[in-house]
Each structure stands twice: as structure tokens, then as C-alpha cells.
Amino acid sequence: MGGTDPVRSGLVPSLNRPGGNVTGVTSFMFDLEPKRLGLLRELRPNATTIAVLVNPNSLNAEIQVNDIQTAARSVGQQIDILNAGTIRDIDVAFARLAQMHADALLVVGDPIFFNRASQLVVLATRHAIPTLYSRREFVAVGGLMSYGANSDETYHTAGVYAGRILKGEKPGDLPIQLPTKFELVINLSTANALGLEIPPTLLARADEVIE
């Protein structure tokens, strides 16, 4: 399981025919970051500047940034990129965020951010910045909103593949799986604490609302 592009990272030659001894499930989707930006703009339609937190060391960083910048230009949205490649960099990025006076924050999908979910949520709360994350786990610990692949489906698919391999199938013969279920999760308690009113259109489309 992973969030990177397995072809771009050199793990496999293609998704359909990985070959070798590697297969699995990836939640990496090229169009997710622009979709998240759109949701954040829907939440904050009058936002002058939206900050984007990126891990510059990620193999996906260039694609993520380019996709977001392209989407932002198409709607005239100003964005500022914040880089955080280490745990310490996260604190530095939020210190810079406070100086930027951004209206909202988008945290892109990346393992370093998944592993520091609580730290990111605490910092976003401390700075009172409306933030959208890539996974439900962030919202479950107090984050405002997330949009991304359904984790249960990902784990289930990985388990099925593990069973098939243990029964004798070759990993290289099993196509890399992409997610088919995506979920929008909103934490109303966090919205209330921030003094935000969630647009009815967002609430109506939410797969889960945490109160």
C-alpha cells in the first residue's frame, strides 16, 4: 500500500502489468489535489490566498504543485506553496503561514503528513486556519475537512491481494489497484470552533459529518 505513483517512482513499469515481485494498492490519483482545491474554494469562496503544504522531497511533489497551480490559475486563485520535508519543517511552515495571512490551507497527500496528523491538526487549530486534508483520519482527530480515497476499501483490497499471493499467485501478474471510493468528511465541531458556516451544498455532498 502506498500513496506514491509506483510507475514514476520506478517500482513497476506499468500499473496493469507490474511484473517482478511488486504489486499492491496505491491511493495516488493525479486529479485529487485540484479537486481538493475546488472544495476548499467552495468552503472559502472569498479567499484571497490559499496556502498549500507540500513535502518537497516527495516523488509526487512536482506533479501535485503543477496540478494545483494550473487549477488555481484557471479560476484566478492566488496560492502560496509551503514546503515541509521533515517534522521540524512543519512547525517552520506554520510560522510562515501566520505571517502570510492566508485564508485557508490545503495539506496535500503525503506519508509524512499522514504520520503527523495530530501535530498538523493542533497547529491548524492554534492558527485558526480552515484546513482541508487528504484522509478521514485527520478529521477524526479534530481536522476540519478531508477528501480522499476510502481507507477501508484500500485496506480490504490489500488484504485480498495478500491472500491471493499466499495461495500462489505471482505479484507481478496482479495489476496495481487504484481506489474506486472517495469520501468527503466534515467536522462540524471544528467548523463551529472556527466560527465557520459550512455551505449547505458541501454538507449535502458529505459522505460523513462529524458532530
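The table that follows gives values for the structure above.
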read-out: Strands (runs of 3 or more DSSP E) wholly inside segment 19-112 that include at least 2 residues being surrounded by fewer than 22 Cβ atoms within 10 Å (Cβ to Cβ); value: 78-83
read-out: Top-ranked residue of segment 113-135 - restricted to ones that are surrounded by 20 or more Cβ atoms within 10 Å (Cβ to Cβ) and not aliphatic (A, V, I, L, M), ranked as farthest from the chain's Cα centre (by Cα); value: PRO130
read-out: Residue within segment 187-201 that is touching a residue at least 40 places away in the same chain (Cβ under 8 Å), exposed (fewer than 15 other Cβ atoms within 10 Å of the Cβ) and part of a loop (DSSP other than H, G, I, E, B) present; value: yes
read-out: Residue within segment 133-145 that is part of a helix (DSSP H, G or I) and β-branched (Val, Ile, Thr) present; value: yes
read-out: Only one of ASN16, ASN57 that is under 23 Å from VAL108 (Cβ atoms), touching a residue at least 12 places away in the same chain (Cβ under 8 Å) and among the polar types (S, T, N, Q); value: ASN57
read-out: From the options GLU62, GLU42, residue that is in contact with a helix residue (DSSP H, G or I) (Cβ under 8 Å, 6 or more places away or on another chain), assigned by TED's automatic domain parsing to the domain that holds GLY109 and of a type in the set (Asp, Glu); value: GLU42
read-out: Segment 151-176, residues that are outside any helix (DSSP H, G or I) and either of a type in the set (Val, Ile, Thr) or in the same structural domain as GLN119 (by TED's automatic domain parsing) (or both); value: ILE176
read-out: Subset of segment 177-186 (residues that are assigned to a loop (DSSP other than H, G, I, E, B) and of a type in the set (A, V, I, L, M)); value: LEU178
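The values are calculated or read from the model by the stated rules, or taken from the named source; none is laboratory data. From a predicted model like this one, the values you see are computed outputs, not experimental measurements. Neighbour counts are summed over all protein chains in view; Cβ atoms, including those assigned to glycine, are modelled from backbone coordinates with ideal geometry.
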